[in-house]
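Below is one structure, written out as structure tokens; the observations come after it.
Derivation of every value follows stated rules applied to the coordinates shown; laboratory data play no part. These figures come from a predicted structure and were not determined experimentally. Methodologically, a virtual Cβ is constructed for each residue, glycine included, from the backbone with ideal geometry; neighbour enumeration extends over all protein chains shown.
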Amino acid sequence: MYFQKFGEGSPILYLHGWGCDGSIFQNVAKDLPNYTNYLVDFVGFGKSKKPPEEGWTVFDYANDVLCLMDDQKLSQVTIVGHSFGCRVAMVLSALHPQRVRKLLLVAPAGIRKPSFVRWCKVAKYKLHKFLCKMGLSQNITSHFGSVDYSACEEWMKNTFVKVVNQDLSKYAKAIECPTLIINVNSDTKTPIAHAKSLNKLIKNSSLVEIDGDHFAFFRTPQAFARTIQLFEEG
């Protein structure tokens, strides 16, 4: 796993969202020189290798981060995650509580609530896929699914499906460390309702609602850095 390292002090591990890489946190990390900031590129993103053809799960990503921590001799870290990175952070925190000191989740993904509308869309997608294989319909499956899925390279699509179909509610319940959840109240990628559900599931957590969009915090890196510092010192 490729990573960048900035500063020197108590370790902070940054886990990026889907379609991004560790460099999205650069301006934030450079404003925190009194911490050792580790900015990772998940497998399949940035300068890291590709996942195997069958794809990776959230648990594979969490194990990869744990290996990085072992290689860098990091006994305990604060994790800052964004969107998809929050999935990995929650699994790691739940399965290895002694390795995570604090958890800051920005626009977290990982909650999947039952939805009849979503069920209908999935059923329609599967039907068209079956008909295409039988030669009874044109290949129009690209019109279904999320924008992120459509944007995936073919070798990342199996990973995407495995990741997004995993509901992490039971892992959220197992998190013990102090956790701060930050979510935009009008976010369409990670709805505020999901952040509120996580807030209820994670025992020692607080929720802060902000204005903007899914990447709002990255447009104000100094404010993001200050939030991390206050959370670390609190």
Can you tally the net charge around Ala109? Count Lys and Arg as +1, Asp and Glu as -1, for every other residue whose Cβ sits under 10 Å from the Cβ of Ala109. +3
Highest average packing first - 207-220, 39-52, Cβ atoms within 10 Å: 39-52, 207-220
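Once fully extended, how much extra length lies between Gln98 and Lys196, figured as 0.36 nm per residue of separation less the alpha-carbon to alpha-carbon distance?
Values: separation 98, 0.36 × 98 = 35.28 nm, distance 2.53 nm.
That works out to 32.7 nm of additional length.
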Taking θ = phi - 60°, what integer Hz values does the Karplus form 6.51 cos²θ - 1.76 cosθ + 1.60 yield along the range 59-69, in sequence order, with x for Gly and Pro? 5, 5, 5, 4, 5, 5, 5, 4, 4, 4, 4
In what sequence do Tyr35, Tyr61 fall when counting other Cβ within 10 Å, fewest first? Tyr35, Tyr61
Go through the range 154-163 residue by residue and turn each phi into a ³J(HN,Hα) via Karplus (6.51, -1.76, 1.60, θ = phi - 60°); whole Hz please, and just put x for glycine and proline. 4, 6, 9, 5, 5, 5, 4, 4, 5, 6
Amide H neighbours of Val184 at under 5 Å, excluding residues fewer than 5 places away on the same chain, with H built from the backbone geometry, are Ala107, Ile210
Taking the mean number of other Cβ atoms within 10 Å as a proxy for protection, how do you rank 189-198, 75-84 from highest to lowest? 75-84, 189-198
By the scheme Lys and Arg +1, Asp and Glu -1, what is the net charge of all other residues having a beta-carbon under 13 Å from that of Phe215? -1
The answer for Ser10, listing residues at least 5 apart or on another chain whose modeled amide H is closer than 5 Å to its amide H, is Thr36
Derived scalar couplings ³J(HN,Hα) [the range 21-29; Karplus, 6.51 cos²θ - 1.76 cosθ + 1.60; whole Hz; x for Gly, Pro]: 8, x, 5, 5, 9, 4, 5, 6, 5
Counting pairs of alpha carbon atoms under 8 Å apart in space and at least six apart in sequence, what relative contact order in percent does the chain give? 20
The chain - mean residue ellipticity at 222 nm from DSSP helices (-39,500 (n - 2.57) per run, n ≥ 4, rounded to 500): -12000 deg cm²/dmol
Kindly put Thr188, Thr179 in sequence by how many other C-beta atoms sit within 10 Å of each C-beta, fewest to most. Thr188, Thr179
Using the number of other C-beta atoms within 10 angstrom as an exposure proxy, rank Cys86, Cys67 with the fewest first. Cys67, Cys86
Amide H partners (placed H, <5 Å) of Arg112, local residues excluded: Leu168, Ser169
Surpassing 29 Å at the alpha-carbon level, of the pairs Lys102/Lys157; Lys50/Lys189; Lys30/Lys173, are Lys102/Lys157; Lys30/Lys173
